[in-house]
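**Student:** Let me give you the structure first, and then I'll get to my questions.
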Amino acid sequence: MSIVPYLLITQLVLCGVLFPLGAVTPLSWLIPARWAVSALGGIAGLSAAALHQSTGLYPSSAIGMLGTWLMLAVLATAGVAATAGS
């Protein structure tokens, strides 16, 4: 139980919503919260132009949404496999 806050804070910080991630962006690709926020933003119709940003976290095309959901499925499968293996 003592590690749970550290895992949750990591998810919150690396999801990419609070501030630009810069050099740690590749690390955020391993965080499920980043992909969940991206999928929800894509569903809600958020875009980089609407948010006055140069690059967007939210996919604006069907291919982008498919890639986001595929990555969520891959991370969920990896989590289930890691849990089942231990």
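The values are calculated or read from the model by the stated rules, or taken from the named source; none is laboratory data. Everything quoted here is computed from the prediction, not taken from an experiment. Ideal geometry is used to build each Cβ from the backbone, glycine not excepted, and the neighbour counts take in all protein chains shown. Just so you know, the surface numbers come from the protein's heavy atoms only, side chains and all, with ligands and any DNA or RNA stripped out. Shrake-Rupley method; radii C 1.70, N 1.55, O 1.52, S 1.80 Å.
**Student:** If you check Val74, Val17, Val80, which single one turns out to be within 11 Å of the chain's Cα centre (by Cα), β-branched (Val, Ile, Thr) and either at pLDDT below 90 or assigned to a helix (DSSP H, G or I) (or both)? So that I can check it myself, show each step before the final result.
**Tutor:** On the way: Val74 fails: within 11 Å of the chain's Cα centre (by Cα); Val80 fails: within 11 Å of the chain's Cα centre (by Cα).
Answer to the selection: Val17.
**Student:** Please pick out the residue among Ser2, Ser38, Ser47 that is open to solvent by less than 40 Å² (accessible area, probe 1.4 Å) and at pLDDT 85 or above. Give the derivation first.
**Tutor:** Working: Ser2 fails: open to solvent by less than 40 Å² (accessible area, probe 1.4 Å); Ser47 fails: at pLDDT 85 or above.
Checking each option against the conditions leaves just Ser38.
**Student:** Which one is nearest to Ser61 (Cα to Cα) among residues in the range 20-34 that are open to solvent by less than 40 Å² (accessible area, probe 1.4 Å) and at pLDDT 85 or above? Break it down stepwise before answering.
**Tutor:** Filtering the range 20-34 down to residues open to solvent by less than 40 Å² (accessible area, probe 1.4 Å) leaves 21, 28, 31, 33-34.
Filter once more, so that each one left must be at pLDDT 85 or above: 28, 31, 33-34.
On the way: Ser28: 21, Ile31: 22, Ala33: 20, Arg34: 18 Å.
Only one residue tops the list, namely Arg34.
**Student:** Cβ contacts < 9 Å: first residue closer than 13 Å to Gly16 by Cα, restricted to the range 33-45; second residue in a helix (DSSP H, G or I) and small (Gly, Ala, Ser), any location; separation 6+ or different chain. Result?
**Tutor:** Within 9 Å, the pairs are Arg34/Ser28; Ser38/Gly64.
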